[in-house]
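**Student:** This is the structure I have questions about; it appears just below.
We did not get these values from a lab; they are worked out from the coordinates using the rules stated. Just so you know, these numbers come straight off a predicted model, no measurement behind them. For neighbour counting, all protein chains shown are included, and Cβ atoms are generated from backbone atoms with ideal geometry for every residue, glycine included.
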Amino acid sequence: MLDVRGLHISYGGVRAVQGVSLEVSTGEIVSIIGPNGAGKTSILNAIAGIRPPDRGEILLDGRAIGGLPAHAVVARGVMQVPEGRLIFGTLSVEENLRVGAHQRGGFILRSRDRSGLRRLFPALADKLDRPAASLSGGEAQMLALARGLESEPRLLLLDEPSLGLSPKLTEEVFELIRRLRDRGLTVLLVEQNVRQTLALADRGYVLESGRITLHGAAAELLSDERLVSSYLGVSVGAPSHRVPNR
Amino acid sequence: MIDFIQNTVDGVMFGSSYALLAIGFTIVFGVMRRINLAFGASIMLGAYVGTWLHVHYQVPVLVVALTTIAGTVLAGIYIERLCFHAVRRDAALASMVSSFVIWMQLEEASIHLLPERTYAFPGLFAAGAYELGPFLFRAEQTTMLVVAAVMVGVLHLLLHRTRFGVALRAISENPLAAAYMGINAAWVVLCAFALVSMVGGIAGYAILATDEQITPFFGLWATFKGLIAMMLGGMGSLPGAIVGGLLLGVVEANALWYLGTEYRDLSAFLLLFAMLVLRPGGLMGQRILGREELAFRRV
């Protein structure tokens with residue numbers, strides 16, 4: 001479904017991503033793991049059209065989408081749930097969902113059946129009229145996911161969905177991603193939380209300093225000596241105290 | 001006491017037109033974090049085109065009203081393309097200066113269109129007055145109040161019950177998050193400019209019909225009143241623009257009655273000065289300040 005070839009991205013002379021290639025097939029959960037600053041978010045932002053790449057190709061179903069503006073990429077069925085959630089605190093929960101569904105539906109907003117939401121996000125369904133700023137961290141992440149799904153994407157780009165969440169909430173979010181995949185959604189997941197991510201994903205890419213250093217089936221990566229010793233060991237159990245980047 | 005109440009009623013009535021002008025500034029500021037100084041001049045250009053048609057071709061009054069509104073919308077789109085769309089998002093000062101330049105340009109254009117200084121401006125309804133107990137109401141001012149109330153209601157529905165409105169509010173809270181959601185901000189902002197220009201054009205027509213004349217100072221006047229009303233209420237706040245406009249109207253009406261004509265504008269400036277010193281965020285500013293912090297935290 002998604003084919004990224006030779007992606008280069010730099011910020012003011014600093015090379016963030018240097019020749020990254022990766023593939024995502026329909027129905028897969030593919031993860032990009034790597035330390036902070038490895039260039040994971042830059043790759044997602046390039047795919048989503050937030051910041052065009054300097055060089056390289058991004059193909060969606062064989063068609064080039066690299067360099068298209070974000071709204072055109074969303075129109076092709078790709079939705080990113082950004083790092084730090086970026087929910088609209090001054091808008092109600094319902095209005096946040098409406099923003100996610102911006103490219104669907106008519107000019108006048110009509111009341112919508114929320115039974116589907118209630119099944120996947122029961123905590124949100126009871127708080128539709130609350131301002132989103134009043135939600136807890138876990139609820140805010142659920143809202144960010146629900147809002148992204150409102151666009152009915154074929155490919156969901158998830159940027160650090162476990163950021164700032166307790167291990168228990170992280171497990172809930174990951175379980176939700178698994179259920180979404182089972183319903184036919186394709187997911188490209190960026191995470192620092194290596195062990196849980198690889199337990200969830202079908203395949204994984206390890207990104208270090210803007211380069212893919214390792215890739216393969218998630219189960220293989222989990223048992224890889226090099227990954228475990230150099231990187232995984234540092235990261236296990238760490239995420240609970242991390243706060244969103246400012 | 002009766003004088004005071006009469007003044008307050010009058011103040012609320014023409015204050016409602018200040019509120020509409022302030023809405024034009026506050027929506028643009030809320031979305032772009034920039035001030036469109038050329039707003040008053042764009043209304044003036046629209047009104048001048050309408051007057052020009054009336055003077056030279058004796059078109060019906062309704063055509064003058066519609067031309068005023070359409071001309072303001074076109075001028076608003078012109079301003080958006082030149083001063084806001086073309087200028088980079090982080091260069092707020094550049095777009096403010098360029099909107100000042102466009103102000104001068106629109107004013108020049110208006111004066112070239114109608115080179116004499118003052119023209120009669122035709123109203124849709126005959127001027128008149130009616131009494132209610134000890135109070136006197138001017139018909140055209142009552143019309144203005146009704147028009148303002150209807151437009152505030154329509155704007156509220158637009159912002160809360162339409163896809164466009166929710167998208168606009170999303171952009172004004174966090175442009176980056178709105179981009180992730182697939183909102184084409186350039187298009188939404190252009191529509192927002194057209195919308196506030198329409199509101200401005202309607203307000204401008206109602207004000208000029210009440211004054212029954214138009215002069216080249218109208219652009220300056222409209223920008224001043226709108227800006228002051230917005231600052232009083234709190235920048236970027238829609239309820240603030242309404243409260244600020246009405247407050248300005250009431251203070252001016254009482255200054256006019258108790259102190260004399262020359263104190264009308266002076267009292268407005270004094271009021272603004274006092275507000276900026278005592279409560280820099282404006283009456284509804286507290287919430288805006290909170291929102292600003294919220295936005296920064298989330299970006």
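**Student:** Tell me, what HN-Hα J-couplings in whole Hz come from the Karplus equation 6.51 cos²θ - 1.76 cosθ + 1.60 at θ = phi - 60° for each residue of the range B:105-115, using x for Gly and Pro?
**Tutor:** My calculation for the range B:105-115 gives 5, 5, 5, 3, 4, 4, 5, 5, 5, 10, x Hz in order.
**Student:** So if R0 is 41 Å, what FRET efficiency would residue B:156 and residue A:54 give, r being the distance between their Cβ atoms, rounded to the nearest 0.05? Mind showing how you got there, number by number?
**Tutor:** Numbers: r = 45 Å, r/R0 = 1.10.
My answer for the efficiency is 0.35.
**Student:** Taking residue A:127 as the anchor, which aspartates and glutamates have their alpha carbon closer than 13 Å to its alpha carbon, excluding any fewer than eight residues away along the same chain?
**Tutor:** Cα-Cα hits under 13 Å: A:94, A:95, A:139.
**Student:** If R₀ is 60 angstrom, what is the calculated FRET efficiency for the pair residue B:194 and residue B:3, using the beta carbon separation as r and rounding to 0.05? Mind dumping the intermediate values first?
**Tutor:** On the way: r = 42 Å, r/R0 = 0.70.
So, using R0 = 60 Å, E works out to roughly 0.90.
**Student:** Here's a follow-up. Taking beta carbons within 10 Å but only from partner chains, what does the mean come to for residues A:130-137?
**Tutor:** Whole-number average of other-chain Cβ neighbours for A:130-137 is 1.
**Student:** Okay, next question. Between residue B:220 and residue A:64, take the C-beta separation as r, use R0 = 35 Å, and let me know the FRET efficiency to the nearest 0.05.
**Tutor:** Details: r = 51 Å, r/R0 = 1.47.
The formula returns an efficiency of 0.10 here.
**Student:** Can you order the peptides B:231-243, A:101-113 by their average number of other Cβ atoms within 10 Å per residue, highest first? Kindly include the intermediate steps, with their values, before the conclusion.
**Tutor:** On the way: B:231-243: 25.2, A:101-113: 12.8.
By packing density, highest mean first, the sequence is B:231-243, A:101-113.
**Student:** What Kirkwood radius, in Å to one decimal, follows from the Cα pairs of the protein assembly as shown?
**Tutor:** Details: mean 1/r = 0.0386 Å⁻¹.
Over the protein assembly as shown, the inverse of the mean reciprocal pair distance is 25.9 Å.
**Student:** Stokes-Einstein at 37 °C, 0.692 mPa s, Kirkwood radius from Cα pairs: D for the range B:131-251 in µm² s⁻¹?
**Tutor:** On the way: Rh = 16.4 Å.
It diffuses with D of about 201 µm²/s by this estimate.
**Student:** If you don't mind, there's one more thing I want to ask. When a/c is below 1.5 the answer is rounded, else prolate if a/b is larger than b/c, else oblate, so apply that to the range B:1-134 with a ≥ b ≥ c taken from the square roots of the Cα gyration tensor eigenvalues.
**Tutor:** Working: a/c = 2.66, a/b = 1.33, b/c = 2.00.
Taking the square roots of the gyration eigenvalues as a ≥ b ≥ c, the range B:1-134 is oblate.
**Student:** Using a simple spin-label model with points 7 Å from Cα along the Cα→Cβ vector, what separation in nm is obtained for residue B:130 and residue B:33?
**Tutor:** Using points 7 Å along Cα→Cβ, the separation is 4.9 nm.
**Student:** Also, I was wondering about something else. At 0.36 nm per residue, and after removing the present C-alpha to C-alpha distance, how many nm does the segment from residue B:176 to residue B:101 gain when stretched out fully?
**Tutor:** Values: separation 75, 0.36 × 75 = 27.00 nm, distance 2.94 nm.
Roughly 24.1 nm would be gained on extension.
**Student:** Would you grab the residues whose amide H sits under 5 Å from the one on residue A:205? Only those 5+ places off in sequence or on another chain, please, with H modelled 1.01 Å from N.
**Tutor:** A:31, A:32, A:33
**Student:** As I understand it, the value is the acute angle between the Cα axis of helix A:167-182 and the longest principal axis of the Cα atoms of chain A; what does it come to in degrees, rounded to 10?
**Tutor:** Taking Cα atoms only, the helix is inclined about 90 degrees.
**Student:** Related question: Would you please state the base-10 log of I(q)/I(0) at q = 0.07, 0.09, 0.12 1/Å for chain B, with intensities from the Debye formula using one equal scatterer on every alpha carbon?
**Tutor:** Computed log10 I(q)/I(0) values: -0.26, -0.43, -0.77.
**Student:** Can you work out the Karplus-derived ³J(HN,Hα) for every residue in the range A:44-58? Use 6.51 cos²θ - 1.76 cosθ + 1.60 with θ = phi - 60°, whole Hz, and x for glycine or proline.
**Tutor:** 4, 5, 5, 5, 6, x, 6, 9, x, x, 6, 8, x, 10, 10
**Student:** While we're looking at this one, here's another question. Using amide H atoms built in the peptide plane, which far-off residues or other-chain residues are under 5 Å from residue A:81 H to H?
**Tutor:** Those qualifying (amide H under 5 Å, at least 5 residues apart or on another chain) are A:157, A:158, A:159.
**Student:** Sticking with this one: With label points built 7 Å along Cα→Cβ from the Cα atoms of residue B:88 and residue A:183, find their separation and express it in nm.
**Tutor:** Label-label distance for residue B:88 and residue A:183, simple model: 4.3 nm.
**Student:** Further, regarding this structure: Using a/c under 1.5 as the rounded threshold, could you call the range A:1-108 rounded, prolate or oblate? The axes a ≥ b ≥ c are square roots of the C-alpha gyration tensor eigenvalues, and prolate needs a/b larger than b/c, oblate otherwise. Spell out each step's value before the answer.
**Tutor:** Working: a/c = 1.94, a/b = 1.51, b/c = 1.28.
Cα axes put the range A:1-108 in the prolate bin.
**Student:** Continuing with the same structure: Could you work out, residue by residue across B:184-195, how many beta carbons of other chains sit within 10 Å of that residue's beta carbon, and then give the average as an integer? Can you show the working numbers first?
**Tutor:** Values: counts 8, 3, 2, 1, 2, 0, 0, 0, 0, 0, 0, 0.
That works out to 1 on average.
**Student:** Using the Karplus curve 6.51 cos²θ - 1.76 cosθ + 1.60 with θ = phi - 60°, what ³J(HN,Hα) values do you get for each residue of the range B:79-84, in whole Hz, with x for Gly and Pro?
**Tutor:** Karplus-based 3J(HN,Hα) across the range B:79-84 equals 4, 4, 5, 7, 9, 10 Hz.
**Student:** Can you tell me which aspartates and glutamates have their Cα less than 13 Å from the Cα of residue A:40? Leave out same-chain residues fewer than eight positions away.
**Tutor:** Once the sequence-local aspartates and glutamates are set aside, what remains near residue A:40 is A:83, A:159, A:160, A:191, A:208.
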